[in-house]
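In what follows, a structure is listed as structure tokens, so that the remarks can point back to it.
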Amino acid sequence: MLINVSAIQKMVKKVLMYQVLTNFDAKIKDKDLQLTHRELSVRTGRAPSWFNNSFTGLEDLQVSSFLRILAAASERSEEKTGREIDEAFLRDILTSEAIETANALNRLAVEDDNHLLSFIQSEETLFLNLISYWGILNEKNKLDSTEEETLNEIRSILNTDSGTEQEEDHEQ
């Protein structure tokens, strides 16, 4: 087996960033905000392309940056609706699926390379879900060649096909 825990952790982290940033992107484009990446960047005191670059690069945002973009979204919401963002706004970004992905990162952090095969097999549902996201990321050229090989090896371990049906379920 060529794959290792750190390679899978890196790939799971990309899925987590994809989930959270895609959810956030959907919220800022909502009719109540209609906030562009450029405007969001400027409102946070950053270069006009900052958020777009973070979004397309699946950047792992610092907590302070995440809070700044939430503050900018809340300010915009007040301007457009007279209301700040609320708990529902945050739940739409930090979904149970994103929390489960973060939980997978935690479980992988204590996993040993020697037991990785049995871990993948014991967490089949989790990995089938991740495979669908990795397929999407691969189509968007967000996986490097090593990660593509890791994806193929995980598919082989779980005896899945290309996963195209699952990938279609998660496209946004």
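Might you let me know whether the stretch 88-98 holds any residue that is among the acidic types (Asp, Glu), modelled with pLDDT under 95 and either more than 17 Å from the chain's Cα centre (by Cα) or assigned to a helix (DSSP H, G or I) (or both)?
Within the stretch 88-98 (the criterion being among the acidic types (Asp, Glu), modelled with pLDDT under 95 and either more than 17 Å from the chain's Cα centre (by Cα) or assigned to a helix (DSSP H, G or I) (or both)), the answer is no, since none of the residues qualifies.
Hey, any hits in the stretch 128-145 for a residue that's over 19 Å from Leu58 (Cα atoms), out of contact with any strand residue (DSSP E or B) (no Cβ under 9 Å at 6 or more places or on another chain) and β-branched (Val, Ile, Thr)?
no
Check Glu84 against each of (1) outside any loop (DSSP other than H, G, I, E, B); (2) among the charged types (D, E, K, R); (3) under 19 Å from Lys29 (Cβ atoms) and name the one condition it does not meet.
(1)
Residue-by-condition table, conditions (1) among the charged types (D, E, K, R); (2) in contact with a helix residue (DSSP H, G or I) (Cβ under 8 Å, 6 or more places away or on another chain); (3) at positive phi:
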site: Lys13; (1), (2), (3): yes, yes, no
site: Val20; (1), (2), (3): no, yes, no
site: Asn23; (1), (2), (3): no, yes, no
site: Ala26; (1), (2), (3): no, yes, no
site: Trp50; (1), (2), (3): no, yes, no
site: Thr56; (1), (2), (3): no, no, no
site: Asp60; (1), (2), (3): yes, yes, no
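The values are calculated or read from the model by the stated rules, or taken from the named source; none is laboratory data. Quick caveat: nothing in here was measured; it's all calculated off a predicted structure. For neighbour counting, all protein chains shown are included, and Cβ atoms are generated from backbone atoms with ideal geometry for every residue, glycine included.
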